[in-house]
Amino acid sequence: MKNKSVGLLSFFFAMSGTPKPHPHEPGRTYEVEWTTISYRTIAFFILLGILLVCFIIYLIAPHYVAAKIDAAIDALAASRSLQQEGSRKHDAHFLNIDGTVRVKKAQTQQWIRADYNTSLEKGDLIQTSGDGVARIIFTDGTNYVLKPDSLIVVEESHEDPVTKATRVAVQVSIGAVDLSTGKFGVQGSVSQVSFQNATASLGEDSRAVVRNDPAKDVHEITVDAGQAQVTRGSTSLRLGQYEQIAFSTGQPGLNKLTVIAPPILETPPNMDLRQVKDPKSTPVDFEWKSVPGAVAYHLMVSPSGMFSNLVVDKKIPAKTSAQFTGLDEGNYYWVVSAIDGKGVESQPSSPNKFNLVQQMESGAKAFLEVKELTLHGRVVEVVGRTEPGSTVIINNEQVFSIAPDGTFRHFTSQLSRNGENQITITAQNRKGDTNTIHRNIVIE
């Protein structure tokens, strides 16, 4: 028998009309022809058919098809954005950058300008200039605010893949930093900060300020909330709220002392919205509670949440209130520190934020829509939409990832309180119109 792969299965004698021979008749030759079709060929014709059907549908309803394609592209972009944000939550990265802030990666000798996409890893150096301030969040939720002319080194920042315990360690080489820890969640988690030849291990829900100035031989840590265990050589001391440890290079051991507490702010309250006819000529009243032992107070007001530039910087003797005019329309943060009889100044209070807006006769509000609130442990994911070009603030944190169409996605800092927590979302458009939405979320 002779095989030929030249066509569909057929018998030569049938095609030619020759009568079918007897199967056992000797001397007769059979020619069988067939074609071999590969899976690739079958897939090609199926795809061609699908494309043909899609083309016909597009000719019938072009707007419908275009809308579906746009929706698919948006869904893919949103999925990719969510993956990127999810990965960023587990890396140390910048939350706020004001002025000049530089980073030197561990494996390079080159300094680069910091941005919000810069991930920070072990061995990285972060430096602020004289006009620079930066806020960094680490894998355990610890926040570091670097003040001007500061340099820190990331010594550790990772999560154990088995136990989920976190370990964060930062060295303050020079300058000043404010730091705050959240809930660790897993036993064995550690958050440490070192300066000069001392190391402090902070407890959860703690706040502290570290100052390290080798040129002036000033090395100190002050605890504003929670506690810290400070070790230098063979000496180890525990610090509580409003306690400080200071030492000089040539002196052994540690010196512990109590510092004056900062005041509690009252007016304007946090997230206050003030609509006035003429912001610049309208007086703004500031009030706070008195602190035992304080003989004066230091009021600071800034359009930056990190107080990189001050519009009010005033020391006020004895009184617990002040009034100022001349503030332009916009967002402001304010803090007050107490000063004792020896001239020693406390740490600043927790900041309050207020928004000074010119009142519009139409009473117009900025467009703001909150589409989704999702709780990830103690971090809340907020998805919403506002007018293109608007500014969005969520729980005193500015949202930087706003799409050209006004959609935004933001992950808050860790919420420290169990039970009901309020999420405040504020939008301000280019005309100065504002809109604020309050949503409650419960942490079990």
Provide the solvent-accessible area of T118, counting protein heavy atoms only and rolling a 1.4 Å probe, rounded to the nearest 10 Å².
10
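How many percent of the accessible area of region 191-238 is carbon or sulfur, using a 1.4 Å probe?
Carbon and sulfur: 44 percent of the exposed surface of region 191-238.
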Spin-label pair L375/Y116, simplified geometry with 7 Å Cα→Cβ offset, distance in nm
2.6
Under the 0.36 nm per residue contour assumption, what length would be gained going from the current alpha-carbon distance of T108 and A318 to full extension?
70.3 nm
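Can you tell me the alpha carbon radius of gyration of region 261-403 divided by the globular rule-of-thumb value 2.2 N^0.38 Å?
Numbers: Rg = 17.7 Å, N = 143, 2.2 N^0.38 = 14.5 Å.
Dividing the Cα Rg of region 261-403 by 2.2 N^0.38 Å gives 1.22.
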Normalised radius of gyration for region 137-281, please: alpha carbon Rg relative to 2.2 N^0.38 Å, two decimal places.
1.22
With DNA, RNA and ligands ignored, accessible area of F411 (1.4 Å probe; Å², nearest 10):
20
Please identify which residues in region 166-202 have an amide N closer than 17 Å to a label point set 7 Å out from the Cα of N418, following the Cα→Cβ vector.
182-187
Ordering of 432-438, 233-239, 389-395 by packing [mean C-beta count within 10 Å, highest first]
389-395, 432-438, 233-239
In Å², and per residue, what accessible area does region 335-384 have when probed at 1.4 Å with the other protein chains present?
46
Whole number in Å², please: accessible area per residue of region 191-230, 1.4 Å probe, ligands, DNA and RNA not counted.
36
Sorted on mean Cβ neighbours within 10 Å (highest first), peptides 369-379, 287-297 come out as 287-297, 369-379
Put I174, I441, I425 in order of accessible area, largest first, 1.4 Å probe: what do you get?
I174, I441, I425
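The values are calculated or read from the model by the stated rules, or taken from the named source; none is laboratory data. These numbers were taken from a predicted model, which means no experiment stands behind them. A quick note on method: Cβ atoms are made from the backbone with ideal geometry, for glycine too, and the neighbour counts reach across all protein chains shown. With ligands, DNA and RNA removed, areas are computed over all heavy atoms of the protein, side chains included. Shrake-Rupley method; radii C 1.70, N 1.55, O 1.52, S 1.80 Å.
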